[in-house]
Amino acid sequence: MSDAFYRSFEDRFRGSRELVKCRLGIYLPFVESVKALYPDARAIDLGCGRGEWLELLLGTGIEAKGVDIDENMLSACRDTGLDVEIGSAVSYLQKLPDDSMAIVSAFHLIEHIPFIDLQILVQEALRVLKPAGLLILESPNSENIVVGTVGFYMDPTHQRPIPPPLLAFLPEYYGFGRTKILRLQEPAELLSSKNPSLADVFNGVSPDYAIVAQKNALPEELSVFSVCFGHEYGLTLGTLSAWYDEQLQAKINQAISIAEQAQAAVEHINKKNEQTLAAMQQAVAKLDAVSDSRSWRITALLRWIAFQLRLLKEHGPVMRIKALVKKCAKPLVSYAMSVVDSHPLCVAIARKFGVYEALRSAYFRMGPHILNTDNFASPSGADNTSTLQLGQRAQQIYNGLMDAIDQHKGRS
């Protein structure tokens, strides 16, 4: 891989120097504890890259040196006056004397080297560290599903993800006194809201993590670091999943509660309907009892008179007289029409005296009828075999058509 490529790759995907220094600030409480224990502390940063960590250490008064195999990356360090050297991390570490360093660090280095080299690095770090000295190893966090399946493989020099429990086990196995896992760079709003979406479960776990391993020392020396090692850092997949499950269960419980309230409301409405139906049935039974009573039959005439008076008041005497005449005349006209229509000879006689059309017109004006066209004479004298049931208006239109046909036949 060309020198220029990886430098450009780091500049694009790792972030600016300011951003990286801001992220590394989480380790400063550990550094301050080291400084309190060893005022003249020295540190070595393996795979120092552009030197952001070296700048932070120098800012706290710790003498720091960096090692990297990429000369192009080291040029960025030299541009800012940092003490760096080209070389292999493990090889350089192996040349250092025992108990010579207060901090050994490697940020995003261990995923680039074979596991056997990582084992040697941890063993050598234990050797060169002072009592209570710190080994800091940071790497991408494969517990984050998106990082573990996509993000990790963005760097073509990565070999394989190293799960946090495995990396924490290495220092313990080789003799470090205690180890702390720090999960890093998770969204701050997710930590405060504790209200993750499904996307957050996949991508909200801390995308980076580190282990801070401490070499054994006297209890009073280790106590200086108690606060740092007692703090909890970042978000695990288990925590996010638990929050998501709690949130989902709360929504399910809310939906169940709403459904139960709706069911209770429906049952209440059904009960009210049953009560209303029972009351209606009782009312009908009472009406039936009233209509079957002797007093109801006795007062029938009075009720009819009252009804007629109300109609008279609503429609006036003229309309009521017309209605009475129509009611009385209708059966007579219907009977006369049925007699005339019963035989073609009767129809001919009625036409002869000019009363057929007037009788038929009166017949239709008095309401809907069923016309039997077997007996009803058409102007042409033809017999129709279909039976028509027409409304009043339709019959009037039909009557008008028949009259027009008769007039036309008469003129011709």
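Some values worked out for this structure:
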read-out	value
Residue that is farthest from the chain's Cα centre (by Cα) [pool: residues in segment 228-253 that are β-branched (Val, Ile, Thr) and under 16 Å from residue 206 (Cβ atoms)]	236
Residue 209 vs. criteria surrounded by 10 or more Cβ atoms within 10 Å (Cβ to Cβ) and in contact with a Lys or Arg (Cβ under 8 Å, 6 or more places away or on another chain)	yes
Verdict on residue 76 being at pLDDT below 95 and either surrounded by 14 or more Cβ atoms within 10 Å (Cβ to Cβ) or assigned by TED's automatic domain parsing to the domain that holds residue 229 (or both)	yes
Condition met for residue 43 (touching a residue at least 40 places away in the same chain (Cβ under 8 Å) and hydrophobic (A, V, I, L, M, F, W, C))	yes
Residue within segment 234-250 that is modelled with pLDDT under 95, touching a helix residue (DSSP H, G or I) at 6+ places or on another chain (Cβ under 7 Å) and of a type in the set (S, T, N, Q) present	yes
Test for residue 99: is it more than 20 Å from residue 48 (Cβ to Cβ) and charged (D, E, K, R)	yes
So residue 34, is it in contact with a Gly (Cβ under 8 Å, 6 or more places away or on another chain), more than 16 Å from residue 135 (Cβ to Cβ) and modelled with pLDDT of 95 or more	no
Sole residue being buried (at least 21 other Cβ atoms within 10 Å of the Cβ) and among the charged types (D, E, K, R), chosen from 17, 50, 42	50
Residue 320 being out of contact with any Lys or Arg (no Cβ under 8 Å at 6 or more places or on another chain), outside the structural domain of residue 365 (by TED's automatic domain parsing) and at pLDDT below 85	no
Residue selected from segment 105-133 under the condition closer than 16 Å to residue 49 by Cβ and hydrophobic (A, V, I, L, M, F, W, C), by the criterion surrounded by the most Cβ atoms within 10 Å (Cβ to Cβ)	106
The one condition in (1) touching a helix residue (DSSP H, G or I) at 6+ places or on another chain (Cβ under 7 Å); (2) under 14 Å from residue 65 (Cα atoms) that residue 132 fails to fulfil	(2)
Considering residues of segment 352-366 that are without any contact (Cβ under 8 Å) to a residue 24 or more places away in the chain, under 21 Å from residue 398 (Cα atoms) and part of a helix (DSSP H, G or I) only, the residue nearest to the chain's Cα centre (by Cα)	358
Identity of the residue in segment 287-325, small (Gly, Ala, Ser) and assigned to a helix (DSSP H, G or I), that ends up nearest to residue 365 (Cα to Cα)	323
Qualifying residue in segment 385-393 (condition: touching a helix residue (DSSP H, G or I) at 6+ places or on another chain (Cβ under 8 Å) and either at pLDDT 75 or above or surrounded by fewer than 11 Cβ atoms within 10 Å (Cβ to Cβ) (or both))	no
Every pair of residues 6+ apart whose Cβ atoms lie under 6 Å, when the first sits in segment 330-343 and is under 14 Å from residue 362 (Cβ atoms) while the second is part of a helix (DSSP H, G or I) and among the aromatic types (Phe, Trp, Tyr)	333/363; 337/363
Number of the condition not met by residue 157 [criteria: (1) farther than 19 Å from residue 88 by Cα; (2) surrounded by fewer than 22 Cβ atoms within 10 Å (Cβ to Cβ); (3) touching a residue at least 12 places away in the same chain (Cβ under 8 Å)]	(1)
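Residue-wise test of (1) on the phi < 0 side of the Ramachandran plot; (2) in contact with a Pro (Cβ under 6 Å, 6 or more places away or on another chain); (3) buried (at least 18 other Cβ atoms within 10 Å of the Cβ).
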site: 142; (1), (2), (3): yes, yes, yes
site: 146; (1), (2), (3): yes, no, no
site: 172; (1), (2), (3): yes, no, no
site: 175; (1), (2), (3): no, no, no
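The values are calculated or read from the model by the stated rules, or taken from the named source; none is laboratory data. In this text, all values refer to a predicted model and were calculated from it rather than measured experimentally. In this analysis, Cβ positions are derived from the backbone assuming ideal geometry, glycine residues included, and neighbour counts consider all displayed protein chains.
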